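The values are calculated or read from the model by the stated rules, or taken from the named source; none is laboratory data. Just so you know, these numbers come straight off a predicted model, no measurement behind them. Note that each Cβ is placed from the backbone with ideal geometry, even for glycine, and that neighbours are counted across all protein chains shown. These area figures cover heavy atoms from the full protein model, side chains too; ligands, DNA and RNA do not enter into them. Shrake-Rupley method; radii C 1.70, N 1.55, O 1.52, S 1.80 Å.
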Amino acid sequence: MFRNPAIDHIQMETEYKTSAFVHSWQTVIFNDLTNRIVVGDEDDITLLKRLAESPKTLHDIASFSDIKRLDEKLKFFLLENLLVPVSQDEMLSFVPHRVDIETVRQCNARCQFCPQSVSPKSRGVMPLDLFSLALTRLEGTTPDWIAFNHYGEPLIDPFFRRRIELLRERKLPLALFTNGILMKDDVVDFLAAGGIKKIVFNFPSLEQTEWCELMQMPEQSYRKARHAIEFCLKTIRHLPEGIVISVNAVTDTQEMRAHKIKEHFMTFGEVQVRTVFSDSRAGSIQNNLVRINSHSGGQRYSGCDRIVSQLHISTEGKVYLCCQDYDQNVVLGDIRQESISSIMTGPLARQLRAEMYGLAPMESGRICLNCHALRQTRFLDQ
């Protein structure tokens, strides 16, 4: 048993538990820390549930006669960090797989499903030297992508192209989230030169009148956004994660709107069209176009990947909780004063992880209690 060189150091009498960052939907297993997804079987879920409730030594686990291919499963689980030693303090763990850098605060649209429509942000642009510092702080990490956003429109940024050039120099891919209104043809040509992982357009309706109503923008803006998507599809090919259109606003017509958008834009190039769960952004906006989620305080929860695998930096260099923290009220640290590692393993970050992953009761007043992303169940059957 356990003759794999990568795990030969494992002691049979060490107690192991299911990692706090592991959860599942049916037989699909997710690890928030490693950002990996594994398709398992019922025995895998049985084993993970059992060790989540009652940690065991490998010697004890070896007696689980009801689990088929137990030796094989244990080797895999240990290598994937689905099982970890009980003595390991997981609340110290953080790996930035996705990084949001707020390059600009303001937006040129007032989408009815976005907090910018009811509480627009003041002007603000991240200085280039602070942006360079943020990238320096990220040295030694390998994010899946960097995004220029926190409810702002990145194309407003006067340093937009220079920032992309700095990303290209460091081989850091950009995920561009935009409404497309300011995406002129020369911008598309610039993006086509490389360094882009995906482009996501916020485009809620193909019907001009409906788009204008949802975005609260004039007809001219609709025409610019529509042209930008069409030109982008014709010009930019082979993005790793493609060109995506997000169809926001939760209404009875959302699926139909997405269908019409898909039919139109697929004639210009390969496009992914996704309906989006427009939510209240942890209570920052409430109307009939968003779904509102709230949890009762005091109970223990089952996790949120944002606190272990996502990094969010404001225009001022503050590291704040997550993309749902619209007003950036939960500040974890400042990159001008500390390393990312020290910020994300500091006392507040550790406490928040403990609360989100059920190791401590959730403190009343946390914005997480108004957020759909906070999981209430760890192992979902359906």
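Each DSSP beta bridge with both residues in the chain is either parallel or antiparallel, and the antiparallel ones are about 40%.
Based on Cα atoms of the chain, Rg over Rh with Rh as the Kirkwood radius reads 1.00. Taking the chain, the Cys residues with no second Cys beta-carbon under 4.7 angstrom are CYS107, CYS212, CYS232, CYS304, CYS322, CYS323, CYS368, CYS371. Adding -39500 (n - 2.57) for every DSSP H run of four residues or longer, then dividing by how many residues the chain holds, sets the calculated 222 nm ellipticity at -8000 deg cm²/dmol. Extending 7 Å from the Cα toward the beta-carbon at both ASP252 and ASP129 defines two label points whose distance is 5.8 nm. Computed from the C-beta positions of ASP60 and SER339 and an R0 of 56 Å, the FRET efficiency is 0.90 to the nearest 0.05. Stretching GLU15 away from HIS264 to a fully extended chain increases their span by 84.0 nm, per 0.36 nm per residue minus the current alpha-carbon distance. Put simply, the amide H of THR57, placed in the peptide plane, has neighbours under 5 Å in TYR16, leaving out anything fewer than 5 places away on its chain. Measuring against 32 Å, Cα to Cα, the residue pairs LYS197/LYS262; LYS49/LYS198; LYS197/LYS260; LYS121/LYS224 contain LYS49/LYS198 as the ones spanning a longer distance. With both labels modelled 7 Å from their Cα along Cα-to-Cβ, the PHE190 to SER87 distance reads 5.4 nm.
Charge dipole (Cα centre; +1 on Lys/Arg Cβ, -1 on Asp/Glu Cβ; no other charges) of the chain amounts to roughly 660 debye.
Share of pairwise Cα-Cα distances greater than 16 Å in the range 211-303 is 66 percent (whole percent). Just round it to a whole percent: the fraction of Cα-Cα distances in the range 119-194 exceeding 16 Å. Considering the range 119-194, 52 percent of its Cα-Cα pairs are separated by more than 16 Å. Solvent-accessible area per residue in the chain equals 46 Å², computed with a 1.4 angstrom probe and all protein chains kept. Taking the protein heavy atoms of the chain in the context of the full set of protein chains, the accessible area attributed to carbon and sulfur is 48 percent at 1.4 Å. Bridge orientation summary for the range 69-224: considering DSSP beta bridges with both residues in this region, about 10 percent are antiparallel. Comparing GLY365, GLY140, GLY269 in a Gaussian network model of the chain, where Cα atoms under 10 Å apart are tied by springs, the biggest mean-square fluctuation is seen for GLY140. Between GLU241 and ASN108, residue separation times 0.36 nm minus the direct Cα-Cα distance comes to 45.3 nm. A Gaussian network model of the chain, with springs between Cα atoms under 10 Å, assigns the largest mean-square fluctuation among PRO173, PRO347, PRO96 to PRO347.
Among LYS17, LYS75, LYS197, the largest mean-square fluctuation in a Gaussian network model of the chain (Cα springs under 10 Å) belongs to LYS75. Potential lengthening of the chain between THR27 and LYS171 amounts to 48.3 nm, from the contour at 0.36 nm per residue minus the alpha-carbon distance.
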